[in-house]
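Worksheet: the structure to be examined is printed underneath.
What follows draws every value from the coordinates through simple rules; no lab data is involved. Source: prediction; values computed, not measured. FYI the Cβ positions are ideal-geometry reconstructions off the backbone, even for glycines, and counts take in every protein chain you see.
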Amino acid sequence: MPKPRNLTAAAYDEVIANPPAAHIKDSVANTAPGLELDERTFEKHLFPGLVLEFQRYDQDEDKKRLLMPVVRAIDQDKTGVTVDGAGGILSFKVDDPESYLFVYAIRSLDGPAPQIYRFYDFRQDVKYQREPRQPELALDCWNAIRNMPCPEGGRVGLLIGTGELKGDKWKKALRAFEALSPANAVTRQSKDKAFAWAVVVVRRAPLEDARTGLIFPNVPPGDLQSTMCTPWHYDFRDCHCYYWASSRPDMVSGEGPEERNVHFMRKRKPVWEKIPIPPEVWGANPNFASEAKNVAEQEKVLWNHIDTINDWETLPVVLNDTEVRSRYRKVVEKLQVLAGIEHALAVEYLYAYQSVDPAFKLDGDELGARARDVLRRIAVDEMHHFRWVNEILQLLREQLGPASFKALAASGDRTMTVIDRAANYGPNFDWRSFGVRRLELDTLDWFIRIERPSRQERADEQLEGLYISIARSIREEFEENGDDSAFGNAVTVQKIQSLIKLIIEEGDGHYRQLADLRNRLFDRGENVDHLRTIKEKPASHEIALARRVSDTLYHVLLYGLGHMFMRGDDEDGGQVRHLVELMEAMDALNNRLAHLGYPACFNAPDPSTTQEWKPWGEALKTEIDSLKDALKKTMRNEEELRKLAGPALDKAARCWEPT
Amino acid sequence: MDGKTAEAGCAARPVVVPRLQAELKLFRSALGHHALVVDGSRVYDLMADEAAVLRAAITPGDAAGSTDSAALLADLGLLAPAARRRIALDPIEPPKVTAFSLNVAQACNMGCAYCYADEGKFGGRARLMPQEVARASVDRLFAEADADARLVLGFMGGEPLLARTLVHDTARYAFDKAQRLGRDIGFSITTNATLLNEADARLFHELPFVVTISLDGTRDVHRAQRPMHNGHDSYQAVLDALAVIARVGRPKQLAARATVTARSGRLLPLLDHMIGLGFDDVGFSALLVSPDPRLAFTATEFERHLAHMIECGEKALAEIKAGRPYPFGNLETALQEIHRGSHRPLPCGAGAGYLSVNAEGRLYACHRLIDDPAFIMGDIRVGPDTQARQKLLNRSHVDRMEPCSGCWARYLCGGGCHHEVKARGRVACDYIRGWLEFCLKAYVELGTHFAQTGSEHLSTRDGASAIANVPHMVSSPR
């Protein structure tokens, strides 16, 4: 194909290869270290026989040598300069600045307008310009070489020397350099025993190989990009509208109502953490001290540079401003959200159940006992759901290879299973926060709302609808791909669908029972007669201790469940039995606490401690031992509590026993 | 030879590209062989063997190519189907108007023998444009153009500064209107500069004016060709105007336009002289239509003119390569067009984005066709006549013209000035081709020069500096 010369010819010639944005001539202006390539590399290799360097780590320490380029490597044979006497290529270590050879000055010898750059002084000595000035950046030296008018193959003279070039040596070096001219272009060097300086005359390398068209044949393969560090990740993280817009949107939408106009670089979290980012946090500028607080908040919710480097592959494809996720990923994310919600609901139900006085009667009806029974059973069902959702996640986890798993895991360290408790119920429920509340009318109405069956046309609005949509996605995927479905083969899909069906069916019952309870309890208006009293007086030490035990039991329960989920031991009857016994022991203790007017707090474990399983487990064991000791020493006044707490702790300790 | 042997021994059918010589121009430079692919005005470098292959493929009449040329022709898109052509014979829809010239003074204070405009009267009576017509023209221009279009308002004549007050008033009116509406507007004026005063210079300096002074060269040449009615020295008047401009401040661009007649002689001394006067741009315009036919070029006289132009071009190239400004407008414009790959089926914007207004407010295709009923294009009161414009553009399509449709230069030339073609036919084709061939050569040589030296061109025009960044790095795998 003939070589195109003008713009329309260049545009006509479509090279089937990289897109136009990948052509060097289209590379963006900030090309040092650059987004597609490090342009400094051209000038580093501009003079065959020498490899230069323009920026290095020690430039801050020594201002005097701050700006001069250094010689990273010199081919003594090619240049005719003897440095160490051994011939061949001599390279200088990056971390040994004392050994550097510096480029003190350079001049072109051929071409229409020869120029001289004295880097040691940084004056330019050409006819038609410029004021003498001090360069501000080391890159000024690079730019000087870059802009030096010298034809390809034209001669260039460089004065190179050690860092300690001064006195007589310096004078001689300078004299030799200043003596250079087109007619007197000869390489020479100091006659000292140890190398001091050299005036090197080389020919400027071609920009393009005339035969192959290869850009800058002088640059070794890989070098154009070897010094790029991670610029594209940094720019990808930092740049906003108008720059990366086509490749990295600032704002996208997801599918759910909570994902309208969300930040593309947000940390992808469970829905209960997806509180919309306020505008002042979104746009916080770290360059302004006044925005420090918002910047700190921003760092919590957006990817930092490390996240971008590590996880950029997990960023979703965006089409028409909407993040596109596979069915698999959508189902996994919904299940992870649901796990958190089921966990939160279980706790809310447990607390509400404990808040009801078992002795409450209304018109002869043992309404208190009935209400407790309904709520307890629903709580247990939610616990089942919590477990089953995680079992489904574990089944799905097993469909992935390790590489894909990383792409979909919530973090590099976790599995797909979720033991965290939702902090809120997301946009489907108006971001209502999780909270332990007594069974007042408002609470019961909230339970009824969340258990309400979904209406057909807005299937995702309610809990049941979320499960239905998951079942539908799995079914569609399986219908399309059979045993190759992303959710596994027929057996796995059947298992998953059965669990979902069970969850939906149990949920049906909840709504009816709760609605009936409402009628019975609140038919005559809002009242709280059915509730246990909560004491306002601060809890005694023993009660506080018992509450600590309750929390620890709760944490151990979560730990045991999480461990079981990760192992995938859904058939581990022994472990399940342990956990059920622990649950019952905790329930008994909590009942006593509620009776005393100091209900269990259900404080969730600190997320920072749950990141690492082993240390968390060790911490829990230590806490159990510490509580046992404490129980022995106190609890004199609360014998009943001690009788419940002690054995409960023993049960907790057994969770680590092999089954 | 029997049939089978004949069949076995026959070469494949040659590739035939109809009228290849109209689609491909081969040329040489100091660097070697090159090609201009006419559709798209694409310029390529060729290896010697490629040039030989293509030369063999181009023969008079219908081309009979060879199988050797098939791949190369395909690479260059010369075997591409009609659907891929950049210029086709589809009907041209007139674009929205963005430029008006106002003939504010159909009268003149000079008696140039060659004046196509009959000293501004265009064959009619001398008259000045009323203010209401001028302002209405401005309003019409704003109304017709898109809101984000750059508007151009030109002042023509005769000598426009005979209607100085109108020029000032209309320019200010238009500029203020543009400022208010957030529109972008530029102005132009072509003047003999004999009447230019400080107020005029101030106007040209304050508003974005491109001022073109008609100056035919050295004092002697200019005085001989451009006498003033009052007998004053027209050349000195230009110098005086330049002094005023220098004192008050330069306009956005100050250009000189020299009319070259068949008697003008060597152009280089004239060019040197005018560039020396400090113009941003100096251009020659060969006279084709003149009341005195002795002054207009004949086809044979164009040969000499071409030589003179090339002499100027060679000088310009030498200066450019030496890094010195030498704003020879004809060359700069051509370089710019070649670099961009301009390709168009029409010679200019006449009747398309550009219309000219006569003193009464009637619209004509351009300032040279004022009062010519064959080129009337509407009226400022009711707006441009789209049908008339469409007819003009479609009948002027260069692929419909002869001999244009068979000429390799047609998409760079566009078919020639409507006014000149109507009056004289196409007598300058060889000259145009010769000049363009020179410019193509200049383009590739300059491009390589810039690539090798890395120097910047110091021209004030974009032509050569546009190719300072010639795509030397653009290289397709060979």
Computed over all unlike Cα pairs, the Kirkwood hydrodynamic radius of segment A:551-630 in Å stands at 13.7
Once the Cβ-Cβ distance between residue A:186 and residue B:93 is put in as r, and R0 is 56 Å, what FRET efficiency do you end up with, to the nearest 0.05?
0.25
For segment B:277-292, in residue order, the Karplus 3J(HN,Hα) values (coefficients 6.51, -1.76, 1.60; θ = phi - 60°; whole Hz; Gly and Pro = x) are 6, x, 5, 6, 7, 10, x, 9, 10, 6, 7, 10, 10, 8, x, 9
Show the residues, 5+ positions off or on another chain, whose built amide H is closer than 5 Å to the amide H of residue B:252.
B:209
Please give the FRET efficiency for residue A:11 paired with residue A:369, using the beta carbon to beta carbon distance and R0 = 60 Å, rounded to the nearest 0.05.
0.10
Quick check: from the Cα gyration tensor, does segment B:99-379 come out rounded (a/c under 1.5), prolate or oblate?
rounded
If each of residue A:175 and residue B:236 carries a label point 7 Å out from its Cα toward its Cβ, how far apart are those two points in nm?
6.4
Row for segment A:518-586, column shape: gyration tensor on C-alpha, a ≥ b ≥ c, rounded if a/c < 1.5 i.e. under 1.5, prolate if a/b over b/c, else oblate; value oblate
Could you sort out which of B:25/B:441; A:628/A:651; B:25/B:96; A:501/A:651; A:267/A:334; B:25/B:391 sit more than 23 Å apart by Cα distance in this structure?
B:25/B:96; A:501/A:651; B:25/B:391
As an exercise, use a Förster radius of 51 Å and the Cβ-Cβ distance of residue A:99 and residue A:625 to find the FRET efficiency, rounded to the nearest 0.05.
0.30
Considering every residue in B:329-338, what mean count of other chain Cβ atoms within 10 Å of its Cβ is obtained?
1
Rounded if a/c is under 1.5, else prolate if a/b is larger than b/c, else oblate: which is chain B, with a ≥ b ≥ c the root eigenvalues of its Cα gyration tensor?
prolate
Taking the Cα-to-Cβ direction at residue B:146 and at residue A:432 and moving 7 Å from each Cα, how far apart do the two end points lie in nm?
5.4
Segment residue A:489-residue A:508, extension gain: residue separation times 0.36 nm, minus the distance between their alpha carbons:
4.0 nm
Too long at a 30 Å Cα-Cα cut-off: which of A:93/A:166; A:44/A:171; A:3/B:252?
A:3/B:252
Ordered by number, the chymotrypsin sites (Phe, Trp or Tyr not before Pro) in segment A:283-323 that occupy a DSSP loop and have at most 15 other Cβ atoms within 10 Å are A:288
Only sites in a loop by DSSP and with at most 14 other Cβ atoms within 10 Å count here; which GluC sites (Glu not before Pro) in segment A:552-651 make the cut?
A:571, A:612
Zone residues, segment A:502-522, relative to residue A:362, backbone N less than 20 Å from point 7 Å out along Cα-to-Cβ:
A:510-522
Say each of residue B:263 and residue A:480 gets a label point 7 Å from the Cα, pointing the same way as Cα to Cβ; how far apart are those two points in nm?
8.5
For segment A:576-659, listing trypsin sites (Lys or Arg not before Pro) in a DSSP loop whose Cβ sees at most 16 other Cβ atoms within 10 Å gives A:636
